[in-house]
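First up is the structure itself, then whatever we jot down about it.
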Amino acid sequence: MNEQKPEDVYTHGHHESVVRAHASRTAENSAAFVIPHLTAGTSVLDVGCGPGSITCDFAELVAPAKVVGLDRSAEIVAQAATLADERGVENVEFVTGNIYDLDFEDETFDLVHAHQVLQHLTDPVAALREMRRVAKPGAIVAVRDADFHGMSWYPEVRELDDWMELYQKIARRNGAEPDAGRRLVSWAQQAGFTDVAPSSSNWLYATAQQRRWQSRVWSERVLHSAFAEQALEYGLANEADLARIAAGWHRWGSTDDGFFLIPNGEVIARA
(Lines give C-alpha, C1' and ligand atoms only; values in the text may rest on other atoms or scores of the structure.)
Protein backbone atom coordinates (compact mmCIF):
# COMPACT_ATOMS: atom_id res chain seq x y z
CA MET A 1 0.00 0.00 0.00
CA ASN A 2 1.10 3.56 -0.64
CA GLU A 3 1.67 6.18 2.03
CA GLN A 4 -1.52 8.08 2.83
CA LYS A 5 -1.64 11.44 1.09
CA PRO A 6 -3.56 14.56 2.19
CA GLU A 7 -7.13 14.65 0.92
CA ASP A 8 -7.45 16.63 -2.29
CA VAL A 9 -9.93 19.48 -2.51
CA TYR A 10 -12.76 18.63 -4.91
CA THR A 11 -13.53 21.70 -7.01
CA HIS A 12 -17.08 20.59 -7.82
CA GLY A 13 -18.22 19.22 -4.49
CA HIS A 14 -21.43 17.21 -4.13
CA HIS A 15 -24.20 19.77 -4.45
CA GLU A 16 -27.38 18.30 -5.92
CA SER A 17 -26.75 20.04 -9.24
CA VAL A 18 -23.33 18.37 -9.53
CA VAL A 19 -24.57 14.91 -8.60
CA ARG A 20 -27.49 15.26 -11.00
CA ALA A 21 -25.09 16.05 -13.84
CA HIS A 22 -22.84 13.12 -12.95
CA ALA A 23 -25.80 10.74 -12.70
CA SER A 24 -26.64 11.47 -16.34
CA ARG A 25 -23.43 9.78 -17.44
CA THR A 26 -23.62 6.30 -18.91
CA ALA A 27 -21.10 3.84 -20.28
CA GLU A 28 -22.33 4.71 -23.76
CA ASN A 29 -22.05 8.48 -23.51
CA SER A 30 -19.01 8.66 -21.22
CA ALA A 31 -16.98 5.45 -21.53
CA ALA A 32 -17.54 4.14 -25.04
CA PHE A 33 -13.80 3.58 -25.45
CA VAL A 34 -13.92 1.05 -22.59
CA ILE A 35 -16.97 -0.93 -23.72
CA PRO A 36 -15.08 -3.21 -26.18
CA HIS A 37 -13.00 -4.43 -23.24
CA LEU A 38 -15.99 -5.23 -21.02
CA THR A 39 -16.88 -8.84 -21.64
CA ALA A 40 -18.63 -11.34 -19.41
CA GLY A 41 -16.33 -12.35 -16.58
CA THR A 42 -14.19 -9.17 -16.54
CA SER A 43 -13.63 -7.95 -12.99
CA VAL A 44 -13.71 -4.15 -12.73
CA LEU A 45 -12.72 -1.46 -10.24
CA ASP A 46 -14.32 1.92 -10.96
CA VAL A 47 -12.36 4.55 -9.02
CA GLY A 48 -14.13 7.83 -8.25
CA CYS A 49 -17.42 6.23 -9.27
CA GLY A 50 -19.67 9.08 -8.12
CA PRO A 51 -23.39 8.24 -8.10
CA GLY A 52 -22.71 4.93 -9.87
CA SER A 53 -24.49 5.23 -13.20
CA ILE A 54 -21.45 4.22 -15.26
CA THR A 55 -20.47 1.58 -12.72
CA CYS A 56 -23.86 -0.11 -12.92
CA ASP A 57 -23.65 -0.12 -16.71
CA PHE A 58 -20.24 -1.82 -16.43
CA ALA A 59 -21.67 -4.43 -14.07
CA GLU A 60 -24.44 -5.31 -16.50
CA LEU A 61 -21.87 -5.75 -19.28
CA VAL A 62 -19.48 -8.01 -17.36
CA ALA A 63 -21.94 -10.12 -15.32
CA PRO A 64 -21.51 -12.44 -13.54
CA ALA A 65 -18.11 -10.91 -12.71
CA LYS A 66 -17.88 -8.56 -9.72
CA VAL A 67 -17.61 -4.81 -10.18
CA VAL A 68 -16.48 -2.53 -7.36
CA GLY A 69 -17.27 1.17 -7.39
CA LEU A 70 -15.10 3.30 -5.10
CA ASP A 71 -15.54 6.90 -4.03
CA ARG A 72 -14.15 8.91 -1.13
CA SER A 73 -17.60 10.29 -0.21
CA ALA A 74 -19.72 7.99 1.96
CA GLU A 75 -22.83 9.96 1.00
CA ILE A 76 -22.21 9.42 -2.71
CA VAL A 77 -21.41 5.74 -2.16
CA ALA A 78 -24.78 5.36 -0.46
CA GLN A 79 -26.52 7.00 -3.41
CA ALA A 80 -24.72 4.66 -5.79
CA ALA A 81 -25.77 1.63 -3.77
CA THR A 82 -29.37 2.84 -3.90
CA LEU A 83 -29.15 3.16 -7.68
CA ALA A 84 -27.86 -0.41 -7.97
CA ASP A 85 -30.79 -1.64 -5.86
CA GLU A 86 -33.26 0.32 -7.98
CA ARG A 87 -31.81 -1.11 -11.17
CA GLY A 88 -31.56 -4.63 -9.78
CA VAL A 89 -27.82 -4.85 -10.42
CA GLU A 90 -26.55 -7.52 -8.05
CA ASN A 91 -22.91 -7.98 -9.13
CA VAL A 92 -21.77 -4.53 -8.01
CA GLU A 93 -20.49 -3.28 -4.66
CA PHE A 94 -19.84 0.32 -3.67
CA VAL A 95 -17.21 1.21 -1.08
CA THR A 96 -15.45 4.28 0.26
CA GLY A 97 -11.73 4.56 -0.33
CA ASN A 98 -8.67 6.60 -1.24
CA ILE A 99 -7.34 6.48 -4.79
CA TYR A 100 -3.79 6.89 -3.49
CA ASP A 101 -4.13 3.88 -1.16
CA LEU A 102 -6.55 1.36 -2.60
CA ASP A 103 -7.57 -1.33 -0.12
CA PHE A 104 -7.03 -4.22 -2.53
CA GLU A 105 -4.26 -6.73 -3.07
CA ASP A 106 -1.83 -6.40 -5.95
CA GLU A 107 -3.07 -7.73 -9.31
CA THR A 108 -6.75 -8.01 -8.33
CA PHE A 109 -8.74 -6.61 -11.27
CA ASP A 110 -8.99 -7.20 -15.02
CA LEU A 111 -9.85 -3.54 -15.62
CA VAL A 112 -9.41 -0.41 -13.51
CA HIS A 113 -11.31 2.70 -14.61
CA ALA A 114 -11.45 6.35 -13.58
CA HIS A 115 -13.72 8.88 -15.28
CA GLN A 116 -13.15 12.63 -14.77
CA VAL A 117 -11.04 11.92 -11.69
CA LEU A 118 -7.39 12.67 -12.47
CA GLN A 119 -8.12 16.34 -13.22
CA HIS A 120 -9.04 16.89 -9.56
CA LEU A 121 -5.93 15.33 -8.03
CA THR A 122 -2.74 16.96 -6.82
CA ASP A 123 -0.78 13.84 -7.85
CA PRO A 124 -2.46 12.08 -10.80
CA VAL A 125 0.70 10.09 -11.56
CA ALA A 126 0.68 8.55 -8.08
CA ALA A 127 -2.99 7.67 -8.55
CA LEU A 128 -2.22 5.96 -11.86
CA ARG A 129 0.58 3.98 -10.23
CA GLU A 130 -1.82 2.78 -7.56
CA MET A 131 -4.43 1.87 -10.17
CA ARG A 132 -1.72 -0.07 -12.01
CA ARG A 133 -0.77 -1.90 -8.80
CA VAL A 134 -4.23 -3.43 -8.37
CA ALA A 135 -4.52 -4.37 -12.05
CA LYS A 136 -3.55 -7.88 -13.12
CA PRO A 137 -0.55 -8.26 -15.47
CA GLY A 138 -1.73 -7.28 -18.94
CA ALA A 139 -4.94 -5.82 -17.53
CA ILE A 140 -6.32 -2.45 -18.60
CA VAL A 141 -6.22 0.86 -16.78
CA ALA A 142 -8.68 3.18 -18.53
CA VAL A 143 -8.97 6.90 -17.80
CA ARG A 144 -10.95 9.75 -19.36
CA ASP A 145 -10.77 13.44 -18.48
CA ALA A 146 -12.11 16.66 -19.93
CA ASP A 147 -9.81 19.44 -21.10
CA PHE A 148 -11.24 22.74 -19.92
CA HIS A 149 -9.15 25.05 -22.09
CA GLY A 150 -10.12 22.87 -25.04
CA MET A 151 -13.81 23.68 -24.54
CA SER A 152 -15.44 25.94 -27.10
CA TRP A 153 -18.81 27.59 -27.42
CA TYR A 154 -20.95 29.79 -29.60
CA PRO A 155 -22.20 32.45 -29.55
CA GLU A 156 -19.56 34.40 -27.65
CA VAL A 157 -20.76 35.20 -24.14
CA ARG A 158 -18.37 37.24 -22.03
CA GLU A 159 -19.64 35.67 -18.84
CA LEU A 160 -18.63 32.21 -20.08
CA ASP A 161 -15.11 33.53 -20.66
CA ASP A 162 -15.20 34.77 -17.07
CA TRP A 163 -16.52 31.37 -15.93
CA MET A 164 -13.61 29.60 -17.61
CA GLU A 165 -11.07 31.97 -16.11
CA LEU A 166 -12.59 31.56 -12.65
CA TYR A 167 -12.77 27.77 -12.94
CA GLN A 168 -9.11 27.62 -13.94
CA LYS A 169 -8.11 29.77 -10.97
CA ILE A 170 -10.13 27.73 -8.47
CA ALA A 171 -8.91 24.37 -9.74
CA ARG A 172 -5.29 25.47 -9.79
CA ARG A 173 -5.65 27.00 -6.33
CA ASN A 174 -6.68 23.48 -5.29
CA GLY A 175 -3.52 22.05 -6.84
CA ALA A 176 -5.50 20.35 -9.60
CA GLU A 177 -5.11 20.35 -13.40
CA PRO A 178 -8.30 21.35 -15.27
CA ASP A 179 -6.63 20.78 -18.66
CA ALA A 180 -6.08 17.12 -17.83
CA GLY A 181 -7.30 15.62 -21.09
CA ARG A 182 -4.21 16.61 -23.05
CA ARG A 183 -1.90 15.30 -20.32
CA LEU A 184 -3.19 11.74 -19.91
CA VAL A 185 -0.60 10.13 -22.19
CA SER A 186 2.21 11.92 -20.36
CA TRP A 187 0.85 11.00 -16.94
CA ALA A 188 0.44 7.34 -17.95
CA GLN A 189 4.02 7.22 -19.18
CA GLN A 190 5.28 8.82 -15.97
CA ALA A 191 3.34 6.18 -14.02
CA GLY A 192 5.35 3.46 -15.75
CA PHE A 193 2.99 2.33 -18.49
CA THR A 194 4.73 1.49 -21.77
CA ASP A 195 1.64 0.32 -23.69
CA VAL A 196 -0.53 3.43 -23.91
CA ALA A 197 -3.31 3.82 -26.48
CA PRO A 198 -4.80 7.35 -26.61
CA SER A 199 -8.16 8.42 -28.00
CA SER A 200 -10.60 11.28 -27.58
CA SER A 201 -14.33 11.92 -27.66
CA ASN A 202 -16.64 14.87 -27.10
CA TRP A 203 -19.70 15.86 -25.20
CA LEU A 204 -21.77 18.25 -27.31
CA TYR A 205 -24.66 20.47 -26.19
CA ALA A 206 -26.26 21.96 -29.29
CA THR A 207 -29.98 21.12 -29.31
CA ALA A 208 -32.57 23.20 -27.50
CA GLN A 209 -33.01 20.53 -24.82
CA GLN A 210 -29.25 20.08 -24.36
CA ARG A 211 -28.67 23.82 -24.12
CA ARG A 212 -31.37 24.20 -21.48
CA TRP A 213 -29.96 21.31 -19.48
CA GLN A 214 -26.32 22.44 -19.63
CA SER A 215 -27.08 26.06 -18.86
CA ARG A 216 -29.40 25.20 -15.96
CA VAL A 217 -26.91 22.79 -14.38
CA TRP A 218 -23.97 25.15 -14.63
CA SER A 219 -25.87 28.23 -13.50
CA GLU A 220 -26.87 26.31 -10.36
CA ARG A 221 -23.30 25.11 -9.83
CA VAL A 222 -21.93 28.64 -10.18
CA LEU A 223 -24.25 29.86 -7.44
CA HIS A 224 -24.58 26.93 -5.04
CA SER A 225 -21.87 24.26 -5.39
CA ALA A 226 -18.37 23.99 -3.94
CA PHE A 227 -17.28 26.02 -6.97
CA ALA A 228 -19.16 29.01 -5.52
CA GLU A 229 -17.98 28.38 -1.96
CA GLN A 230 -14.35 28.14 -3.02
CA ALA A 231 -14.56 31.19 -5.32
CA LEU A 232 -15.75 33.26 -2.37
CA GLU A 233 -13.41 31.69 0.19
CA TYR A 234 -10.34 32.18 -2.01
CA GLY A 235 -11.30 35.78 -2.79
CA LEU A 236 -11.46 35.07 -6.52
CA ALA A 237 -15.03 36.34 -6.96
CA ASN A 238 -17.86 37.95 -5.03
CA GLU A 239 -21.53 37.11 -5.03
CA ALA A 240 -22.28 39.71 -7.70
CA ASP A 241 -19.65 38.12 -9.96
CA LEU A 242 -21.21 34.71 -9.52
CA ALA A 243 -24.72 36.02 -10.18
CA ARG A 244 -23.50 37.68 -13.37
CA ILE A 245 -21.80 34.48 -14.59
CA ALA A 246 -24.90 32.41 -13.79
CA ALA A 247 -27.03 34.86 -15.77
CA GLY A 248 -24.59 34.51 -18.67
CA TRP A 249 -25.11 30.77 -18.63
CA HIS A 250 -28.87 31.30 -18.80
CA ARG A 251 -28.43 33.73 -21.67
CA TRP A 252 -26.35 31.22 -23.61
CA GLY A 253 -28.91 28.50 -22.88
CA SER A 254 -31.75 30.62 -24.30
CA THR A 255 -30.11 31.01 -27.72
CA ASP A 256 -31.50 29.21 -30.75
CA ASP A 257 -28.08 28.38 -32.19
CA GLY A 258 -25.92 27.79 -29.11
CA PHE A 259 -23.13 25.22 -29.30
CA PHE A 260 -20.98 23.98 -26.41
CA LEU A 261 -18.25 21.39 -27.01
CA ILE A 262 -16.36 19.55 -24.27
CA PRO A 263 -13.38 17.51 -25.51
CA ASN A 264 -12.16 14.55 -23.47
CA GLY A 265 -8.82 12.82 -23.58
CA GLU A 266 -8.84 9.05 -23.11
CA VAL A 267 -6.16 6.44 -22.47
CA ILE A 268 -6.17 2.66 -22.48
CA ALA A 269 -2.98 1.63 -20.69
CA ARG A 270 -1.92 -1.97 -20.04
CA ALA A 271 -0.36 -2.96 -16.77
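The values are calculated or read from the model by the stated rules, or taken from the named source; none is laboratory data. A quick note: this is a predicted structure, and the numbers were derived from the prediction, not measured. Protein only, heavy atoms only, side chains kept; ligands, DNA and RNA dropped before computing areas. Shrake-Rupley method; radii C 1.70, N 1.55, O 1.52, S 1.80 Å.
Table for the structure above
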{"quantity": "DSSP beta bridge pairing in the chain, given as percent antiparallel to the nearest 5", "calculated": "55 percent"}
{"quantity": "Cα convex hull of region 126-175, projected area averaged across orientations, nm²", "calculated": "5.0 nm²"}
{"quantity": "The chain: relative contact order in percent, alpha carbon pairs under 8 Å with at least 6 residues between", "calculated": "22 percent"}
{"quantity": "Distance histogram for region 148-207 (every C-alpha pair counted, 5 angstrom bins, percent rounded to whole numbers)", "calculated": "4, 14, 19, 19, 19, 14, 7, 4, 1"}
{"quantity": "Ratio of the Cα radius of gyration of the chain to 2.2 N^0.38 Å, where N counts its residues", "calculated": "0.99"}
{"quantity": "Cα gyration tensor shape for region 151-271, rounded if a/c is under 1.5, else prolate or oblate", "calculated": "oblate"}
{"quantity": "Long-range tail of P(r) for region 42-157 (Cα pairs > 22 Å, %)", "calculated": "34 percent"}
{"quantity": "Accessible surface of LEU242 - all protein chains present, 1.4 Å probe, nearest 10 Å²", "calculated": "10 Å²"}
